[in-house]
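What follows is a short report on a single structure.
The values are calculated or read from the model by the stated rules, or taken from the named source; none is laboratory data. Just so we're clear, the structure is a prediction, and the values are computed from it rather than from any experiment. Here the Cβ is made from the backbone with ideal geometry for all residues, glycine too, and neighbour counts use every protein chain on show. Remember, those area values only see protein heavy atoms, side chains included, never the ligands or the DNA or RNA. Shrake-Rupley method; radii C 1.70, N 1.55, O 1.52, S 1.80 Å.
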Number of protein chains: 2
Amino acid sequence: MTATIIDGKAVAEAIRNEVKAEVTQLRAKGLTPGLATVIVGARPDSVSYVTSKRKTCEELGIRSIGVEFPENVSQDELLARVRRLCSDPQVHGILVQLPLPKHINEEVILNAVNIDKDVDGFHPVNVGKLGMKGREPLFAPCTPSGVIELLDRVGAKISVSRAVVLGRSNIVGLPVALLLLGRDATVTICHSKTQNLAEVCRQADILVAAIGRPRFVTADMVKPGAFVIDVGVNSLPVLNPDGSPVISEKTGKPRTKLVGDVDFDAVKEIATAITPVPGGVGPMTIAMLMKNTLRGAKHAFGLL
Amino acid sequence: MTATIIDGKAVAEAIRNEVKAEVTQLRAKGLTPGLATVIVGARPDSVSYVTSKRKTCEELGIRSIGVEFPENVSQDELLARVRRLCSDPQVHGILVQLPLPKHINEEVILNAVNIDKDVDGFHPVNVGKLGMKGREPLFAPCTPSGVIELLDRVGAKISVSRAVVLGRSNIVGLPVALLLLGRDATVTICHSKTQNLAEVCRQADILVAAIGRPRFVTADMVKPGAFVIDVGVNSLPVLNPDGSPVISEKTGKPRTKLVGDVDFDAVKEIATAITPVPGGVGPMTIAMLMKNTLRGAKHAFGLL
């Protein structure tokens, strides 16, 4: 049996279309959702992420408010700008692109984001509410809620399942685990200190890998029939048959390719469904960010 | 092999003595920690809990600020009082005894407690920080941190263990799970929707039961050699040999006894260590509350 390959691109597109339709309706009433994206410095990966986010805003009719600071901006200046965005009625979501330079305390900046505009869902209040019964946060973090969305659309029964989450980061592992728990899965959180990891993983009906180790999850760690969601994005060199790196003619540098935390080729032979990398969870993050921005706007407009 | 019976009374007394010694030192410098206990109405169990807390404060030299409201107090009046306590420099911890009457929104009241005085540790910010890496909350909830304290004092190795938490309440299950995770246990959270519960529980090196079902955890659900912490407090009628209830001569009512969530007599034969009910986790809650109040005071005095 070969697994269903979960098409994250298609699901993300469907979500973007849903958001766009709602945004269009809001704009017809003179209400325009707005997302502020704040970037400090010019890390190529950060620039690329922020550019995609801004471009997607424009495609969906969401007002994009771009804020750029040089690498050496002071914490106070950045903080003051974030606070102005918090009180700006045109802004319904504030995204501060991480990581920030070392001289800036990330926690201080993120805690300054008003929880009603915390579209990233990283404020401790939103994380706390994610885990607590009867305390729905306004926003769930984008990548984790993208994972749940994919599971739902591929027909995984979360509520009676055993779910294993590999990794406990603030950005993915912990919030995914809390979301799965909120959906009545029996959740186990594994990490670098876990003993007998393969055995624990094999108990999972739903396995979410978010540890950043290329092809770490091998077929012997997966229960036949499981749903496997690969959140890992790792860059590996492309090799020639003799093991030497392939050099790009254009750049003169070794060519790289993206691989996930899961040994896709082997695991797809035994799973019920699996996300590829790229094209699985990746495209979901921005789609869920747009969904969160729409939600923030509806909240601000009194429409929730 | 018979398990070590974990003496929560003795551990709680040791902690109270440690707190008392520190409070005495602070008071010698003219610094007195203070705990405000707020009770609404006169539920007998709530009155009893609050009375114990106030009495313990006095024994340890902590200033006890008692605040009582009638059952029909308005939410606004209660809220205003909580806010005054937040800005009162003599108050370093605020405990609002739960449950509150139905006409009062518990979440609104608890969220009004300044997180620097949230000695109960129930504010979503504190819960969020409990789970997040690199975000130590000022206070961990009392009963859950009492569980960890007992495990530590009885020599359980949390960090390489598999821990199973039965129950996911905001007050015990969820925060215990997050504390164990923070200590590098591999944590599974089980609840009423969990399938094959006995099998999951049997994988636990550390089993924490917090579901409020008398003697629910039977010996076949426990791995030989496990550490078993029983947070349950259930009231059962005392029965005569013929099955009829024993009537108290004093009160004329059926006599009751407290039992935990664990079938103590059977499980103690296979566990390494186990807490009894009463006398296990129970006494820890107030001791940890005193420890938190001391911590809040040291924070306010700039001594942390």
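Tabulated data
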read-out	value
Near pairs, Cβ below 9 angstrom, 6+ apart or cross-chain, from segment B:253-279 (in a helix (DSSP H, G or I)) to any residue that is surrounded by 15 or more Cβ atoms within 10 Å (Cβ to Cβ) and of a type in the set (Asp, Glu)	B:Phe264/B:Asp230; B:Val267/B:Asp230
Among (1) open to solvent by 10 Å² or more (accessible area, probe 1.4 Å); (2) not in a helix (DSSP H, G or I), the one test that A:Arg27 misses	(2)
Output for segment A:221-251, where each listed residue is open to solvent by 50 Å² or more (accessible area, probe 1.4 Å) and either under 23 Å from A:Ser161 (Cα atoms) or assigned to a loop (DSSP other than H, G, I, E, B) (or both)	A:Lys223, A:Pro224, A:Val233, A:Asn240, A:Pro241, A:Asp242, A:Glu249, A:Lys250, A:Thr251
Residue list for segment A:1-21, filter: acidic (Asp, Glu) and either open to solvent by less than 60 Å² (accessible area, probe 1.4 Å) or in contact with a Pro (Cβ under 9 Å, 6 or more places away or on another chain) (or both)	A:Asp7, A:Glu13
Failed item in (1) more than 22 Å from A:Leu151 (Cα to Cα); (2) touching a residue at least 24 places away in the same chain (Cβ under 8 Å); (3) open to solvent by 10 Å² or more (accessible area, probe 1.4 Å), with A:Gly296 passing the rest	(3)
Close pairs (8 angstrom Cβ cut-off, 6 or more residues apart or separate chains): within 9 Å of another protein chain (Cβ to nearest Cβ) in segment B:147-176, at pLDDT below 95 and open to solvent by 40 Å² or more (accessible area, probe 1.4 Å) anywhere	B:Arg168/A:Lys133; B:Ser169/A:Lys133; B:Asn170/A:Lys133; B:Asn170/A:Gly134; B:Leu174/A:Lys133
Scope segment B:206-220; condition part of a loop (DSSP other than H, G, I, E, B) and β-branched (Val, Ile, Thr); matching residues	B:Ile211, B:Thr218
Segment A:88-98 - residue that is modelled with pLDDT of 95 or more and either more than 17 Å from the chain's Cα centre (by Cα) or within 14 Å of chain B (Cβ to nearest Cβ) (or both) and, of those, nearest to B:Leu174 (Cα to Cα)	A:His92
Yes/no for A:Leu197 being at pLDDT 95 or above, over 22 Å from the mean Cα position of the chain (by Cα) and on the phi < 0 side of the Ramachandran plot	yes
Residue match in segment A:267-277 (condition: crowded, with 21+ Cβ neighbours inside 10 Å, away from every other protein chain (no Cβ under 14 Å) and under 16 Å from the mean Cα position of the chain (by Cα))	yes
Candidate set: segment B:119-140, residues that are charged (D, E, K, R) and more than 7 Å from chain A (Cβ to nearest Cβ); chosen: the one nearest to the chain's Cα centre (by Cα)	B:Asp120
Flag for A:Phe69 being open to solvent by 20 Å² or more (accessible area, probe 1.4 Å), outside the structural domain of A:Ala177 (by TED's automatic domain parsing) and under 30 Å from B:Ala177 (Cβ atoms)	no
Helices (runs of 4 or more DSSP H) wholly inside segment B:109-205 that include at least 1 residues being crowded, with 24+ Cβ neighbours inside 10 Å and aliphatic (A, V, I, L, M)	B:124-131, B:142-153, B:173-182
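Yes/no per residue for (1) free of Cβ contacts under 8 Å to residues at least 60 places away in the same chain; (2) in contact with a helix residue (DSSP H, G or I) (Cβ under 8 Å, 6 or more places away or on another chain):
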| position | (1), (2) |
| --- | --- |
| B:Ile5 | no, no |
| B:Val11 | no, yes |
| B:Ala21 | yes, no |
| B:Ser46 | yes, no |
| B:Tyr49 | yes, no |
| B:Arg54 | yes, no |
| B:Arg63 | yes, yes |
| B:Val82 | yes, yes |
